Amino acid sequence: MGAQQVAERFTELYGAEPEGVWAAPGRVNLIGEHTDYNDGFVMPFALPQQAIAAVSRRTDGILRLHSADIEGGVVELPPDALEPGRDTDWTAYPAGVAWALREAGHGVTGADVHLSSTVPTGAGLSSSAALEVVIALALDDLYGLGLPGWKLARLCQRAENVYVGAPTGIMDQTASACCEQGHALFLDTRDLSQQQIPFDLAAEGLRLLVVDTQVKHAHSGGEYGKRRAGCEKGAALLGVDALRDIPYAGLDAALARLGDEEEVRRLVRHVVTEDERVERTVALLRAGDTRAIGPVLTEGHASLRDDFRVSCPELDLVVDTALSAGALGARMTGGGFGGSAIVLAEATDVDTLTKTVEEAFAAAGRTAPRVFEAVPSAGARRLV
Ligand code: GLA
């Protein structure tokens with residue numbers, strides 16, 4: 001659905017044209033997984049799939065929400081109804097953002113909102129961050145707050161952590177808010193410093209596929225929290241603020257100090273080696289050696305599968321099949337336990353690869369995956 005259609009539907013619903021229309025994308029993460037809550041490095045890029053919101057201000061503090069993607073009418077939330085943990089459906093994301101803005105002392109009263117999103121949900125592609133960021137940007141713009149993208153991302157993360165109750169890091173919201181077309185975002189999650197790294201695969205005869213396994217494992221929320229707690233335990237045992245502070249060269253010594261804490265040792269090993277893989281990827285891309293990032297991606301998958309243990313049979317099936325069919329590299333992307341994998345391949349190999357992965361899923365009796373090409377796209381912006 002385009003900006004025009006979203007605006008027209010808004011007008012039908014609320015009886016007046018919207019003041020504006022904004023968009024915020026989903027993302028894939030190229031490399032740097034489960035590092036963001038360890039103050040580490042990540043490297044996401046924005047997808048063309050995005051959430052679009054038509055929004056107008058209201059002076060009475062009421063938030064009215066409607067989604068083209070969910071059955072049901074307009075949901076009306078009076079200002080005193082915005083309370084963490086209260087909303088348990090999709091409205092928690094936009095409501096949480098309005099709550100976080102007000103909590104931070106920004107003079108946001110109410111809004112009428114109509115939303116529509118093409119970011120697949122439950123696929124590990126940050127559909128919720130897209131919803132949060134599009135609302136944050138719209139309210140920022142309409143109420144003249146002038147907040148930079150990284151600050152909007154922080155407020156959206158607070159909405160997700162406190163209002164929705166999901167203990168996620170800062171990557172997804174920053175990716176949606178700050179990515180630029182044709183680039184991957186090299187982000188230091190400690191201070192949110194950013195570098196846009198040119199990432200034009202098509203110019204080099206390459207493609208990056210997203211394979212959505214359509215699997216959503218139960219308990220993923222709880223498992224994510226457990227990994228996070230395990231990393232915090234590791235940092236505490238090693239006497240550092242965050243695992244980011246363990247240099248790659250000091251990894252063996254750190255692991256030795258963890259003695260028989262086998263579970264924590266594995267988590268630490270993943271995080272420290274993953275930060276190094278992000279830095280290696282950046283260096284290779286800067287050197288114009290894009291094909292060479294393939295094996296780095298694949299190493300990252302092995303670490304997530306064996307050490308961090310957040311993969312699942314379907315993600316492993318994508319990675320193994322793609323590699324055996326000639327992919328340059330492949331890995332799960334996002335939080336794991338289902339969702340999507342990415343596959344880096346020569347453009348000329350893409351059709352065969354896709355077919356091979358689809359056949360492997362059919363042979364294993366699994367639901368057919370959704371495969372699409374990921375083109376580094378624009379971050380959040382005003383459309384109309
Ligand atoms: C989810 C979270 C992110 C990040 C990834 C794993 O997408 O929302 O903050 O932790 O998992 O890298």
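The values are calculated or read from the model by the stated rules, or taken from the named source; none is laboratory data. All figures in this text were calculated on a predicted structure; none of them were measured in a lab. All Cβ positions, even for glycine, are placed from backbone atoms using ideal geometry, and neighbour counts span all protein chains on display.
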Next item on the list: Could you pull out every one of the strands (runs of 3 or more DSSP E) wholly within the stretch 3-92 that has 3 or more residues that are away from the ligand (no atom under 16 Å from the Cβ) and surrounded by 21 or more Cβ atoms within 10 Å (Cβ to Cβ)?
Entry: 20-29, 44-58, 63-67
Note to self: Just the residues that are within 13 Å of the ligand (Cβ to nearest atom) and over 17 Å from Ala364 (Cβ atoms), please, taken from the stretch 310-331.
What the structure shows: Val310, Arg331
Check: For the stretch 114-137, how many residues meet the condition of being part of a loop (DSSP other than H, G, I, E, B) and touching a helix residue (DSSP H, G or I) at 6+ places or on another chain (Cβ under 8 Å)?
Finding: 4
Check: Is it the case that Leu255 is more than 28 Å from Ala345 (Cβ to Cβ), touching a Lys or Arg at 6+ places or on another chain (Cβ under 7 Å) and in a helix (DSSP H, G or I)?
Finding: yes
Next item on the list: List every residue pair whose Cβ atoms sit under 8 Å apart, with the two residues 6 or more apart in sequence or on different chains, where the first one lies in the stretch 165-176 and is under 14 Å from Tyr93 (Cα atoms) and the second, anywhere, is near the ligand (Cβ under 6 Å from one of its atoms) and assigned to a loop (DSSP other than H, G, I, E, B).
Entry: Thr168/Gly335
Notebook entry, point to check: Looking at this structure, is Leu155 more than 22 Å from Val384 (Cβ to Cβ), within 16 Å of the ligand (Cβ to nearest atom) and of a type in the set (A, V, I, L, M, F, W, C)?
Noted result: yes
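Quick test for you: out of Val162, Val133, pick the one residue that is over 17 Å from Ala380 (Cβ atoms) and either surrounded by fewer than 20 Cβ atoms within 10 Å (Cβ to Cβ) or within 16 Å of the ligand (Cβ to nearest atom) (or both).
Details: Val133 fails: over 17 Å from Ala380 (Cβ atoms).
Testing whether each residue is over 17 Å from Ala380 (Cβ atoms) and either surrounded by fewer than 20 Cβ atoms within 10 Å (Cβ to Cβ) or within 16 Å of the ligand (Cβ to nearest atom) (or both) leaves just Val162.
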Next item on the list: Would you point out which residue out of Leu125, Leu101 is surrounded by 24 or more Cβ atoms within 10 Å (Cβ to Cβ), closer than 20 Å to Val21 by Cα and touching a residue at least 40 places away in the same chain (Cβ under 8 Å)?
Entry: Leu101
Margin query: Please go through (1) closer than 17 Å to Ser126 by Cβ; (2) more than 15 Å from the ligand (Cβ to nearest atom) for Gly221 and return the number of the only condition it doesn't satisfy.
Written below: (2)
Next item on the list: Those residues that are modelled with pLDDT of 95 or more and among the hydroxyl-bearing types (Ser, Thr, Tyr), I need them from the stretch 102-136; list them, please.
Entry: Ser116, Ser117, Thr118, Ser126, Ser127, Ser128
Next item on the list: Considering each of Leu208, Leu255, Leu201, Leu187 in turn, give the residue that is at negative phi, out of contact with any Asp or Glu (no Cβ under 6 Å at 6 or more places or on another chain) and within 14 Å of the ligand (Cβ to nearest atom).
Entry: Leu187
